Structure formats: C-alpha cells, structure tokens
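Working notes, structure below.
All of the numbers you see were taken from the coordinates with simple rules; none came from a lab. For clarity, every value in this text was computed on a predicted model and none was experimentally measured. Every residue, glycine among them, receives a Cβ derived from its backbone with ideal geometry; neighbour counts consider all protein chains shown.
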Amino acid sequence: MTTPRPILERLLEHTLFRARWLLAPFYVGLVIAMAALLVVFGIELYHQLSILLTMTPAQAILMALSLIDLSLTGNLLLIVIFSGYENFVSKIHVGEDDDRPGWMGTVDFSGLKMKLIASIVAISAIALLRSFMELAEGDALDERRLHWLVIVHLTFVLSGAVLAIMDFVASKVSKH
C-alpha cells in the first residue's frame, strides 16, 4: 500500500505539470512569425515577377533561391510549432484528417533537433550559393562577408554531424 503524498507536494506537481501551457503563446507567436514570412514571400515574389521579362538566367536562379530560402524557413517554423507543441504542451487533436502530415506525432525531441539542424544547414547553403552566384555574375562581393558565410555554414554542418553522432551513441546506450 502506498502512503498518501502530502497535499503541498501534489499541488506543486500539478502546478508544474500545468505550467507547460505557458509555452502555448510561444507557438502562437511562431504562427504570427510564419504569417509575417508569408507576407515577405509575397512581396519578394511580386517584386521578382515585376522584373521577370528582363531577368538573366542567373537572376532567375537567384530569385528561385530567395523563394526557396523563405519556403524552407516556413517549413522550419511549422516543424517547430507542431513538434514543439506536441512534445511539450499537448497532442494536437485533428482526428484522422487526410491533410494531417504523416510525421505529426512521430517527431520526438531528437528528431526535432535533427530536422532543425538539417533545415538550418539547407538555409545556410542557399545563402552561400546565392553569394557565389552573385560573385559569378561579377557583382561586387565583400570577401570578408563570403569568408564568414563559409565559416558559419561549416559550423552548422559540423554541429549537425556532432548532434547526429550524439544521437546515434545515445540510441546505443541502454536506458536506465
């Protein structure tokens, strides 16, 4: 027979458990950030389409890279919103909707980290590729800026590799 726990202990634990709902406004804020990103995407698309007929192939590639960059950032926000909310706040109950992404409810914290770093590496790679394309077009490019873009990108790649190794090692260790 278990002994009843003190009421103060139970109250504290219930309060701590319910405190997870303090994260909900963060996810709402990320939804607002995604809406802002959509506005920026629309403005960028409008601006680029207005000069479409005068674009060189390299400019068209840069346009596509800019739009892909914004799209990947939107995907990153969505992954953080859905998995963060489901991992730390509550399950999202939308039934067996056909539109429900297959990965919802299956991405744990480790998977979330890997998806985040993969998205960040992709976004960084696009920024670096955009700079190389501008360089190839003969545009003036700050050598110091390019140097730092390469360093930042390699740092993200290395961080991703280290996180993947850590997750692999952790998966091989017996659970306590």
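The C-alpha atoms of the chain define a longest principal axis, and helix 109-136 lies at about 10 degrees to it. In segment 17-172, taking the dipole from charged Cβ atoms about the Cα centre, the farthest positive-side position among Ala125, Val152, Leu163 is held by Leu163. Rounded to the nearest whole angstrom, the semi-axes of the ellipsoid equivalent to segment 35-176, taken from the Cα gyration tensor as √(5λ), stand at 34, 23, 10, largest first.
Relative to the present Cα-Cα distance, how much length would full extension add between His47 and Phe168 at 0.36 nm per residue of separation?
Between His47 and Phe168, full extension yields 39.1 nm more.
Seen against the Cα atoms of the chain and their longest principal axis, helix 24-50 is set at about 10 degrees.
Students often check this: by mean Cβ neighbours within 10 Å, which of 30-36, 47-53, 78-84, 128-134 ranks highest, and how do the rest follow?
My ranking of the peptides, most packed first, is 78-84, 128-134, 30-36, 47-53.
Other residues with beta-carbon under 12 Å from the beta-carbon of His14 carry, at +1 per Lys or Arg and -1 per Asp or Glu, a net charge of +2. Of the residues Ala58, Tyr46, Val94, the one whose Cα sits farthest toward the positive end of the charge dipole of the chain, with +1 on the Cβ of Lys and Arg and -1 on the Cβ of Asp and Glu, is Val94.
Rounded to the nearest whole angstrom, the semi-axes of the ellipsoid equivalent to segment 1-79, taken from the Cα gyration tensor as √(5λ), stand at 52, 11, 5, largest first.
Summing +1 for each Lys or Arg and -1 for each Asp or Glu among the other residues whose beta-carbon sits under 14 angstrom from that of Leu116 gives 0. Using a cutoff of 8 angstrom between alpha carbon atoms and counting only pairs six or more residues apart, the relative contact order for segment 17-172 works out to 24 percent.
Ordering Leu77, Leu16, Leu146 by the number of other Cβ atoms within 10 Å of each residue's own Cβ, fewest first, gives Leu16, Leu146, Leu77. With angles folded into 0 to 90 degrees, how steeply does helix 57-88 sit against the dominant principal axis of the chain? Use alpha carbons for both and round to 10. It works out to around 0 degrees. About the centre of its Cα atoms, the chain shows a dipole size close to 820 debye [charges on the beta carbon of Lys, Arg (+1) and Asp, Glu (-1) only; nearest 20 debye].
Cβ crowding within 10 Å ranks Ile120, Ile61 as Ile61, Ile120, fewest other Cβ atoms first.
For segment 39-76, backbone nitrogen atoms closer than 20 Å to the point 7 Å from Ile92 Cα along Cα-to-C-beta are found at 39, 70-76.
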